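Reviewing the structure listed below.
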Amino acid sequence: MRLHSIKLKNFRGYKEETVIGINDLTVFVGKNDIGKSTILEALDIFFNDNKGSVKIDKDDINKTALLEDDKDIYISAIFTDLPASIIIDAVNETTFADEYLLNSEGCLEVIKKYPNAGAAKVFIKANHPTNANCAELLLKKNSDYRRIINQHNIECENQAINAVMRTAIWGHFVDDLQLNEILIDTSKEDAKNIWGKIQTYLPFYSLFQSDRKNSDNDSEVQDPLKEAVKQILAEPEIVSTFEDIAQRVADRLTAVSNSTLEKLREMNPDIANTLNPVIPPANALKWNDVFKSVSITGDENIPINKRGSGVKRLILLNFFRAESERRLRAGDSQSIIYAIEEPETSQHTEHQKLLIKAFVELSQARNTQVLLTTHSSIVVKGIDFDNLRLIFKDADGNKSIEAIIPNQLPYPSLNEINYVAFRDLTEEYHNELYGYIEAEELLDDFKNGKITMEYKKVIRKREIEQRIILTEYIRHQIHHPENTLNVRFTFDQLEDSVNLMRDFILTHRH
């Protein structure tokens, strides 16, 4: 299963519903405090049921919405590449499509509503039958199915299997299903089990944040081995093994408790008859706690969360490098989303290049997606343009996210993104803007009316002087560093020239 897009509404800075497209590799860029980390943290709340690194609270409600007495937070996820078959009741295979659980675009859309930032109410947005004779079948009991089948004389090959009966009922009304996109409330009693089964098909979400506490009992991910434990314990083969172990222990415990109660019954049957053994199910057992002490330590047994941020990040970097190789080799069937906040933190330039290469490779592994936030222009230049999402505020002050950001330039430009997002001003970007104006044969128009300055150069061993505009002055110095006859341009002049060209292109692009 693959995360296709997410929707945020009333969550922190995202007041209006904001749709965010997700690729196998998605990198969020933008200025500080613009809402990049918010996206990763919203997904942690969504996937990990408020039990992951981030806990939802009332401060997460958008402040403007709160003033309007709108206290409901919405975090939604849309999925594609759905499994060919699913089991949502008993052991009978079916599909999302056969159960009419897909939205009008053929995707699985799960909406989590957090009233007043409290416990989530889960809905599935689906193009679902609304004909009163066959509506809300997923919320009905086996006896309800039989009643409908008998009432309408519907042929059904097996009235002991819910999935078969639902298919028979919908098939009977196939010409009058009255399909409409509705919200199926999974909090209703008979839908809870179905949602519990659907959850098992969702991707595993793992968030690595840049700022962490520094305590031994830190609940956030400090060590990649701890995250590896979570992933390993979620593998179907391991889950099955644990269920087998739990069942064996439960059987032994039941035998012990029964024999104990039987002996008690001989002495005092009244008390014995009021007692029953309580054994938790396998999925309630905390297998993670068995391995909670795993860690990577140094020669002095110093745990990773006590090491410097550079060392912690370096270990984490190589965890992802190793993980990309492992997942590419193994072709893992377990879908996973790695979300990493500012992976370049405390890393040398060369390490940043290795890091983004590792993330690109990791995103190419089967059933693997990678989400990043970054402030590094080096990271941005190491990926494809389509993987970038620029977050900014529109004219009305609302958060907006664009997948493709030509901005001033009418073509995708990573230099443009780095300038807009980080104010990363480079000579390369200056050349790019100048080259565009020149290629469009607009250079004379650009130079018209601009102040000129003196520039010296040597032609045929003769020093000559000419008057040129600032942009040409800078371009000549960039391309002819051997000419030392002129005062080197300043950073402020470079910025002024870039802004002049950007403004000119903006007014002439149409």
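When L285, L317, L264, L253 are checked against the criterion of being in contact with a Pro (Cβ under 8 Å, 6 or more places away or on another chain) and modelled with pLDDT of 70 or more, a single residue qualifies: L253.
Residue count for the stretch 173-228, restricted to those that are modelled with pLDDT of 85 or more and not in a strand (DSSP E or B): 12. Pairs linking a residue in the stretch 321-346 that is more than 29 Å from N32 (Cα to Cα) to a residue that is at pLDDT below 75 and surrounded by 15 or more Cβ atoms within 10 Å (Cβ to Cβ), with Cβ atoms under 6 Å and 6 or more positions apart or on different chains, do not occur. Among residues of the stretch 374-393 that are outside the structural domain of Y429 (by TED's automatic domain parsing) and of a type in the set (V, I, T), those with a Cβ under 6 angstrom from a residue that is surrounded by fewer than 22 Cβ atoms within 10 Å (Cβ to Cβ) and in a strand (DSSP E or B), sequence gap 6+ or separate chain, pair up as I391/I401. Candidates in the stretch 1-59 are the residues that are of a type in the set (S, T, Y), in contact with a Gly (Cβ under 8 Å, 6 or more places away or on another chain) and closer than 20 Å to V370 by Cα; of these, the one that is surrounded by the most Cβ atoms within 10 Å (Cβ to Cβ) is T38. Among the conditions (1) over 24 Å from I22 (Cβ atoms); (2) surrounded by 12 or more Cβ atoms within 10 Å (Cβ to Cβ); (3) modelled with pLDDT of 90 or more, the only one that T94 does not satisfy is (3). Here L66 clears all of (1) closer than 26 Å to L138 by Cβ; (2) at pLDDT 90 or above except the condition numbered (1). S5 meets the conditions (1) within 23 Å of E105 (Cβ to Cβ); (2) part of a loop (DSSP other than H, G, I, E, B) in every case but one. The failed one is (2). Return yes or no: is L433 touching a helix residue (DSSP H, G or I) at 6+ places or on another chain (Cβ under 6 Å) and modelled with pLDDT of 85 or more? So L433 fits the description; yes. For the stretch 43-59, the criterion of being of a type in the set (A, V, I, L, M) and part of a helix (DSSP H, G or I) is satisfied by at least one residue.
Within the stretch 129-172, count every residue that is in a loop (DSSP other than H, G, I, E, B), farther than 21 Å from F96 by Cβ and not small (G, A, S). Number satisfying all stated conditions: 10.
Matching residues to (1) within 24 Å of K140 (Cα to Cα); (2) exposed (fewer than 15 other Cβ atoms within 10 Å of the Cβ); (3) at pLDDT below 95; (4) out of contact with any Lys or Arg (no Cβ under 6 Å at 6 or more places or on another chain):
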| site | (1), (2), (3), (4) |
| --- | --- |
| Y74 | no, no, no, no |
| L82 | no, no, yes, yes |
| S85 | yes, yes, yes, yes |
| A90 | yes, yes, yes, yes |
| E99 | yes, no, yes, yes |
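Of the residues making up the stretch 444-465, just one is of a type in the set (S, T, N, Q) and surrounded by 13 or more Cβ atoms within 10 Å (Cβ to Cβ), namely T452.
When the residues of the stretch 126-143 are filtered to those that are at pLDDT below 90 and surrounded by fewer than 18 Cβ atoms within 10 Å (Cβ to Cβ), the one that is farthest from the chain's Cα centre (by Cα) is S143. Scanning the stretch 362-385 for residues that are in a helix (DSSP H, G or I) and either more than 20 Å from D81 (Cα to Cα) or among the β-branched types (V, I, T) (or both) turns up S377, I378, V379, V380, K381, F385. When the helices (runs of 4 or more DSSP H) confined to the stretch 407-510 are screened for residues that are among the aromatic types (F, W, Y), those reaching at least 2 such residues are found at 414-422, 427-439, 491-508.
The values are calculated or read from the model by the stated rules, or taken from the named source; none is laboratory data. This one's a predicted model, so the numbers in the text were calculated from it and none came from an experiment. Note that we place each Cβ from the backbone using ideal geometry, even for glycine, and neighbour counts take in every protein chain shown.
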